[in-house]
Structure formats: structure tokens, C-alpha cells
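Heads up, the thing below is written out as C-alpha cells.
The values are calculated or read from the model by the stated rules, or taken from the named source; none is laboratory data. From a predicted model like this one, the values you see are computed outputs, not experimental measurements. When we count neighbours, we look across all protein chains shown, and the Cβ atoms used for this are built from the backbone with ideal geometry, even at glycine.
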Amino acid sequence: MVNKVALSVDEAERILAHPLNLVWPTLRPGRSARDVIQRLESAACQKPIARSEPETSMLGQMFGYGPAKTWGIELARDLRSWSAGELPWAEVDRGIVLSGPPGVGKTVFAKALAKECGANLIAASLGRWQACGHLGDLLKAMRRDFARASKQAPAILFIDELDSFGDRDTFTHDHRDYSVQVINAFLECLDGVDGREGVVVVGATNNIARIDPAIVRSGRLDKHVEIPLPSAPDRIAILHQQLNQAISVGDLSRLATCTEGMSGADLAKAVRDAKRVARRAGREILVGDVAAALPEVIRLDAAHLRGNAIHEIGHTIVGLRLSHGKYLGTDLAYQISSGTAVSTGGRACFEIASVRRRDNQFYFDQIAVCLGGIAAERLVLGTTSDGAGGDDRSDLAMATRMATLAETQFGMGGTLRFSKAISDDSLEHLRRNDPQLCARIDHMLKTEMERATSILRDDRHLIVRLTEELIATGKLTPERVSAIEAELRNRRNLTAVRATMPGSKRKA
């Protein structure tokens, strides 16, 4: 049914100034244009119900952000100098991309950054811009947010789900032209005819590999910082902050292990659940309430613990024998949390120099170290668990990724052909569609698995001794590993000397 309402041009413009989802229900047969305008303007004047949101702390008072926090505090200092006319805008960082798993607090970071900088915060995303309508509406909404940020400078323009734009080089769908126009318009906004003076763009993503390289090139969002899951001290500090200091850090410290692998969002939910329990009981919150709200902690049995220890010792020994990097230590978890997305039984830590020659052997050694854990399990236990695989950060995933890149990007395999594929999805596509590539990757993985096994076979006694130590203490330091190696070496030398002494029993 068509709703016919007589309108002048001026009345039509006043009506169309309102959202269309409000306009259509207001147009009724027999209702005058004046009545329609009054209803729309009356609705626009009504204030939405005020909802209180938790106060966001300044970035300097937040925990778990690592290098991103350092960057933000330095930015705040530079913005104050710029506002005072002491620093030209060309000297200020104008953008950053934050990446990390869901729940680490990328959105909260933007709020805390704006507060630290004394800047206005404008939140946006491609999804919000797309909701405005067709391509023209999307581009208008995008440019409007950038213009609003410029008017409110200094401003933080936070763009969530930055990977939604995609990478133009990978577009093959029917709407390719549409997507290319969106990215091109976004790049124009990032460049800005006036240099975006006073506007800092913060992009957030869970997958940095899916972002068009032009977005993160120099002069645009050229700073990238990964926000990891919070460390044990940070987790306790986050709990303490979420609880408004109602429970001491000392009392919360016993929750460090059972919060392992939890993000800031996970911890915030646990605190909300604990507060609800205390509120319904009509009392102050207790550390026991928080503990009860956390996922169940499962104590590993002896067999599981020994398997994990052997696995981590495999990584440790192969890494040491191949001079994989600076050895920092090995940890073993006695218990795991059942409700976290990331749960690890231990880790062997090596620090790789950021600048070094990365030749064929470097990547082959990397693969061998990744496979050292599963090689140790096979050698000692005669079987393996599923701990070496399971997700894109597992040993097998990293080894396969490096082997594929060595073949398709670095010219270290059976062909010199170069591929731009870098994301796990695109690398998997290459493997599925090229049987010869798959065969070469399998050969590389098999070769490095045999090399890792050979290294460990020569160190059986060291595997046993380090495994015993790791299970007993839960941690190995570089100094302790060196001491155990020296102890075994001295014992072998002593045995050899005794074997040469007169009267010693010799094997026929």
C-alpha cells in the first residue's frame, strides 16, 4: 500500500533528515506533512534512558597491555606537547594496529587511551558504516566519522575489526569492485588532505594477516603491537582492579594458576559472577567467591605430567643443541584450567634475535625445534599425545607454516616460484591445490623430525634427568640445565676412567 502525503521540497528535506526506519512508520494516510515533522522532531528530542557504564581507568592504571601501554603513555605526552604548540603534528604517531586474541581488551584500551590523552573517543567499524545503507551511504558515514574526529581534535578514532576490510589482492568474489572502492576510500581518509591533524587512528583486529598491506604501510597505520593474554601478575592486578581493591593482592595471588590462559574479559566476567553471589548473600565479596566463579582446575595425573615434561624437554634439548636462540628456561604446569581457550601443559622458552641471518638452516632448525617435543615422546614413550596439534599455534601448525613459507616465499625448497600467500587459510589453499608442494613439505617435515630424533637419541640420559628435575620443581633455568649436563658429563668421564683401571670387569 502506498502512503500518499502531500509534501513541499522543504518539508521533504526536513523529514528525510531523520533515520528512514523512523520515517516510514510515521507516514500514514490522511496525516499531514506538518504532523509527520512534529512527530519525528519530538521523537528526536526525547533523551534516551541513561545507563551507567563502569568508569574506565586511565591507561597508566591499566594492566596486561605490555608495549601497547608504553606506546599509549608516550602518545599522551606527545599530544599534550602538540596541544601546547611545542611539537609539530608531523612528529606525533598518528596510528596503530592492535592485534591479539578475543577478550584481551582492545576496545577497553582505546577508551583508556582516550582518557590518558585527554582526547575525545569516536568508535567506528566497517560494520557500522555498512549498516547505513548502500555504498554511497557507507562512504558518507566513513567520511563523516573522520570529519567529526577532526572537529573534535585531539581525538582517538577507534576502528574495530579492521580485518573486515580484507586484502584487495585476495578479492575474487562478485563484489570485488565494491570492496576495492571501500578500501580506497578508507585509504583516502587515513591520508587526509590536511594530514589528519589531531586525529589518532587506533585499529583493532584478531588477525593482522588479513589486513590490506596498504592500510599498514608507512605513514598510515604503520605501528603494530600485539596484546598477549595477561601474565600471572597482570591477571592478579586485573582482578584487584575489577574488585575495586575490595580484596588484597596477597589474597588474590593464590588464584594465579587457576586463571592461567584467561583474558581480561574472562576475568571481568568471573568478578561479575562473584559479586552477584556476594550480593545475593547480603555480604561483602570474599576471595572464595572469586575462586568459585573461575573455571574448574584439573590436577594432572602422574602419567599426563610425565608426558608433558618429556615433550618440553624434547624442545629444550633440540633447541640447545641447534643453538636455536638464547635459552630462557622451561616451565611445567601441574594443573590446567578447564574453561579457558588456551591451556598449556608447559613451555620451553628461547629468545630469537630480531636481526640475524635467516638462511635455509635457520628455518630447518626452527622446524626441528618445533618437532622436538613429539620426537621426544615417540623416543621415550613410544607414542604421542594430541598436544602437538590442535590449533594454529601448536607445534605442528608452526612447523607446517614454516615449511610452506620456505617452499613458497623464501626459495628454500624445490622451486624458486614466489607466492604472496601468508595467512594460514591461503597457505592451506596452496597445499590443497598443489600435490607436488604438499609432497615437498611432507619431505621437509619428515627430514627435520628425523634430525630432532637423532639429536635426542644421543641424549637419552639427559632427557631422563631433566624430566625428573622438571617434574620435581616445575621449572628449569639455564643455569640448572648446565649444572645437570656437567653432572652427567663428569659421571660419564668417571665411568670411563674406572673402566680402564686394572681389575675392572670388561665386556667380552
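Observations, loosely collected:
- The set of residues in the stretch 81-100 that are under 16 Å from ASP191 (Cα atoms) and in contact (Cβ under 8 Å) with a residue 60 or more places away in the chain comprises TRP89, ALA90, VAL92, ASP93, ARG94, GLY95, ILE96, VAL97.
- Conditions (1) over 33 Å from the mean Cα position of the chain (by Cα); (2) part of a loop (DSSP other than H, G, I, E, B): number failed by ARG489: (2)
- If you go through the stretch 231-244 and pick out every residue that is under 17 Å from GLY105 (Cβ atoms), assigned to a loop (DSSP other than H, G, I, E, B) and in the same structural domain as ILE285 (by TED's automatic domain parsing), you end up with 1.
- Among the residues making up the stretch 72-100, a single one is closer than 25 Å to PHE165 by Cα and surrounded by fewer than 19 Cβ atoms within 10 Å (Cβ to Cβ): ASP93.
- Any hit, the stretch 435-443, residues being modelled with pLDDT of 90 or more, among the acidic types (Asp, Glu), assigned by TED's automatic domain parsing to the domain that holds ASN308 and part of a loop (DSSP other than H, G, I, E, B): no
- Exactly one residue out of THR316, THR383 is of a type in the set (Ser, Thr, Tyr) and closer than 28 Å to ALA232 by Cβ: that is THR316.
- Residue satisfying all of: in the stretch 350-369; out of contact with any helix residue (DSSP H, G or I) (no Cβ under 8 Å at 6 or more places or on another chain) and among the polar types (S, T, N, Q); surrounded by the most Cβ atoms within 10 Å (Cβ to Cβ) among these: GLN361
- ALA281 vs. criteria closer than 22 Å to PRO101 by Cβ, out of contact with any His (no Cβ under 6 Å at 6 or more places or on another chain) and of a type in the set (A, V, I, L, M, F, W, C): no
- Residues that are crowded, with 19+ Cβ neighbours inside 10 Å and under 30 Å from LEU381 (Cα atoms) do occur in the stretch 404-423.
- For the stretch 127-163, the tally of residues that are touching a Phe, Trp or Tyr at 6+ places or on another chain (Cβ under 7 Å) and surrounded by fewer than 22 Cβ atoms within 10 Å (Cβ to Cβ) stands at 3.
- With respect to the conditions (1) in contact with a helix residue (DSSP H, G or I) (Cβ under 9 Å, 6 or more places away or on another chain); (2) at pLDDT below 90; (3) surrounded by fewer than 20 Cβ atoms within 10 Å (Cβ to Cβ), SER218 lacks only one, and its number is (1).
- Matching residues, the stretch 101-116, being in contact with a helix residue (DSSP H, G or I) (Cβ under 8 Å, 6 or more places away or on another chain), surrounded by 22 or more Cβ atoms within 10 Å (Cβ to Cβ) and in contact (Cβ under 8 Å) with a residue 60 or more places away in the chain: VAL104, GLY105, PHE109, LEU113
- Residues within the stretch 450-483 that are free of Cβ contacts under 8 Å to residues at least 24 places away in the same chain and surrounded by 16 or more Cβ atoms within 10 Å (Cβ to Cβ), tallied: 3
- The stretch 196-210, subset at pLDDT 85 or above and farther than 19 Å from VAL108 by Cα, residue surrounded by the most Cβ atoms within 10 Å (Cβ to Cβ): GLY198
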